[in-house]
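The values are calculated or read from the model by the stated rules, or taken from the named source; none is laboratory data. Note that the structure is predicted; figures quoted are calculated from it, not measured. Virtual Cβ from ideal backbone geometry, glycine too; neighbours counted across all protein chains shown. Areas reflect the complete protein model, heavy atoms only, side chains present, ligands, DNA and RNA absent. Shrake-Rupley method; radii C 1.70, N 1.55, O 1.52, S 1.80 Å.
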Amino acid sequence: MLGFSRTAKRARMRVGLVAATAATLVAGTALLATNAQAAAGCRVTYKTASQWAGGFTANVDVTNLGDPVNGWSLRWTFPSGQQVTQAWNASISASGAQVTATNASYNGAIATNGSVSFGFNGSWSGANTAPTSFTLNGVACTGGVGGTTPPPTTTPPPTTPPPAGNAMAAVAAMQPGWNLGNSFDAVGADETAWGNPRVTEALLDNVRAQGFNSIRIPVTWSNHHGAAPNYTIDAAWLSRVREVVGWALADGFYVVINIHHDSWQWINTMPTDRTTVLNRYNALWAQIAGAFKDSSSKLVFESVNEPQFTGSSGDAQNATLLNELNTSFRRIVRQSGGNNATRLLVLPTLHTSAEQARVDELVTTFNALNDPNLVATVHFYGYWPFSVNIAGGTTFDATVQQDLTDQFDRVYHAFVARNIPVIIGEYGLLGFDRHTGTIEQGEKLKFFEFLGHYARSRKLTTQLWDNGQHFDRTSFGWQDPELFAQIRSSWTTRSGTASSDQVYVPRTGTITAKSLTLNLNGTTFQGLRQGTTDLVNGTDYTVSGNTLTLTASALTRLVGSRAYGVNANLQARFSAGVPWRISIITYDPPVLGNATGPTSGFDLPAQFRGDQLATMEAKYADGSNAGPQNWTSFKEFDVTFAPNYSSNTITLKPEFFAEVNDGQRVTLTFHFWSGTKLTYHVTRSGGTVTGTVS
């Protein structure tokens, strides 16, 4: 279904938003890009999407009820003196409590009954009362449609979408983006095959309200088409894809669709079955291109996800085969007519890798095709040891950062510097496929803060991979609001961070001062706050250079009765970006216990006593590494071992014992975030494991 009531859909969006403060009103205003005056009217919906101690996120929707607007300025006054710290999809300035939001270069035009959305992060103290009146282009909100506004005195900015052929501007307008992962790409009967619910209009409305400007909808076609030679796509499947694409386009998204997991299901056999694969691939793209040829220019096609080949002779053949796929894809789409003649087309590197050789291969294809409406794409999941927590890669250190800058620099110099846009079509951390706790919270916050910053500096558009682990697709809330707040902030500004988000205080003995190193990232440190109470510089903390020290007296007050675990959360506030949470934690060294159990899942008794597990080493008596990936002593978190804080156990998984020598004693060293290290011994005998603390 491509045609539907946008007004009705917007109403459903507002009902679907949860945990939000709303102020909805009708504004009598509009502004024309001509010298004629115009009938005026609009509706403004202000929602507090999320709120935390001292900070909040707000989304603002403006619907034009009058004549078309070309260039807009929305003003309001904060009742409680709130302040905007960063914004997206608009430029925001303030004078005291009075705030002005003006359009970005790509969203200045609002058609009659059309809408524009923007959002911002802000700070508050005491109260966070929503504003109740707005003016648009200088006219107060009066209700209904009526009145006029004077013509503009300056030339309005360009509107969205950018002109055909201006690929760099179009891809810039796609920032930021989000992936509808594990839905239409699921391998199975339908979009629910991998556990996600059926996609709804309300889901897309709510994703759009988070500030995303593009949505990548991965589609796997292998289970949804007929046999050779026509490979006819199932009508119901194609209709369903078209329906969801239509919803997304109506929401104002740029939309990317592709051929997704087919890449490893059958396209990968191209080295030994070239003709069959190419015929099938071409038939699919001919049908997809035909179905969407008259769709908006904001619909984008991507040739294939993460292309890979099995049984090839090596890099040269891989490059030849991928070039053939990309070239054939472009030819089929361009020849299909309609808007496909100039539609943006996305071409990947082999494996969507940013390795220099893979980038160079794609550059060769771009040079040969010489098409101004092509876009390059790679994926980025970080430095692998950090991304999955293996080999001691527990922190966002210089190595992790250098890996990111190297990859982004390579695609920048190869493409962006030549005015060829680049989309990071998926980004995240690989450990998230199991759960987001695989990587420690503060370390992953630093990763995403820097990723957003460096992508902006290299003019790369990023699309967050979300297979359902981030944005809940039924409640429409973020599983980890703190993580998303950091990601969203990184779209527009830098945030200050610190060497850790944890300060451990022993449960017994004298409490001493504790220090952290501040990572200012171009900001200035503004102070510490607990809830709505500011801590006192010089009494509760001191700052010397980039060293923040919490005094013994402040820590004593904060830990209170010194119960195990988090006793207090502080917010380090900076001149820009989101605050940095610092958890004050009371702990004692954990205590491990003897146990006997099966290799199918050995549960080691562990009294964590406020501490948290960072990683585990495994070695045999001769010092050689034990268990999987024996090139390192540090095992993979949540694959070979996992803490369970509610049951007070550490589970050693069957994947670990599958590669442990029978009868050989293994020494395990558990590293905790407090700095504590504990030694434990396990011996496997057939299907049984014996564990001892000595």
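The table below gives the values:
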| read-out | value |
| --- | --- |
| Among the candidates 282, 305, residue that is in contact (Cβ under 8 Å) with a residue 12 or more places away in the chain and assigned to a helix (DSSP H, G or I) | 282 |
| Verdict on residue 598 being in contact (Cβ under 8 Å) with a residue 60 or more places away in the chain and surrounded by fewer than 21 Cβ atoms within 10 Å (Cβ to Cβ) | yes |
| Count of residues meeting criterion [farther than 18 Å from residue 599 by Cβ and in a strand (DSSP E or B)] in segment 661-694 | 7 |
| Among the candidates 328, 303, residue that is open to solvent by less than 30 Å² (accessible area, probe 1.4 Å), of a type in the set (S, T, N, Q) and touching a strand residue (DSSP E or B) at 6+ places or on another chain (Cβ under 9 Å) | 303 |
| Top-ranked residue of segment 617-638 - restricted to ones that are hydrophobic (A, V, I, L, M, F, W, C) and either open to solvent by 40 Å² or more (accessible area, probe 1.4 Å) or part of a strand (DSSP E or B) (or both), ranked as farthest from residue 433 (Cα to Cα) | 621 |
| Residue 209 being more than 22 Å from residue 261 (Cα to Cα), touching a residue at least 40 places away in the same chain (Cβ under 8 Å), open to solvent by 20 Å² or more (accessible area, probe 1.4 Å) and aliphatic (A, V, I, L, M) | no |
| Near pairs, Cβ below 8 angstrom, 6+ apart or cross-chain, from segment 352-364 (at positive phi) to any residue that is hydrophobic (A, V, I, L, M, F, W, C) and modelled with pLDDT under 95 | none |
| Number of positions in segment 232-273 that are more than 26 Å from the chain's Cα centre (by Cα) and either farther than 22 Å from residue 192 by Cα or not in a helix (DSSP H, G or I) (or both) | 11 |
| Subset tally (residues that are surrounded by 17 or more Cβ atoms within 10 Å (Cβ to Cβ) and within 26 Å of residue 426 (Cβ to Cβ)) for segment 223-241 | 7 |
| Residue in segment 426-435 that is under 26 Å from residue 501 (Cβ atoms), over 14 Å from the mean Cα position of the chain (by Cα) and hydroxyl-bearing (Ser, Thr, Tyr) present | no |
| Any chance residue 423 is assigned to a strand (DSSP E or B), among the aliphatic types (A, V, I, L, M) and open to solvent by less than 30 Å² (accessible area, probe 1.4 Å) | yes |
| Residues (open to solvent by less than 20 Å² (accessible area, probe 1.4 Å) and not in a loop (DSSP other than H, G, I, E, B)) located in segment 339-357 | 340, 345, 346, 347, 348, 350, 352 |
| Qualifying residue in segment 624-641 (condition: modelled with pLDDT of 95 or more, of a type in the set (Phe, Trp, Tyr) and farther than 23 Å from residue 671 by Cα) | no |
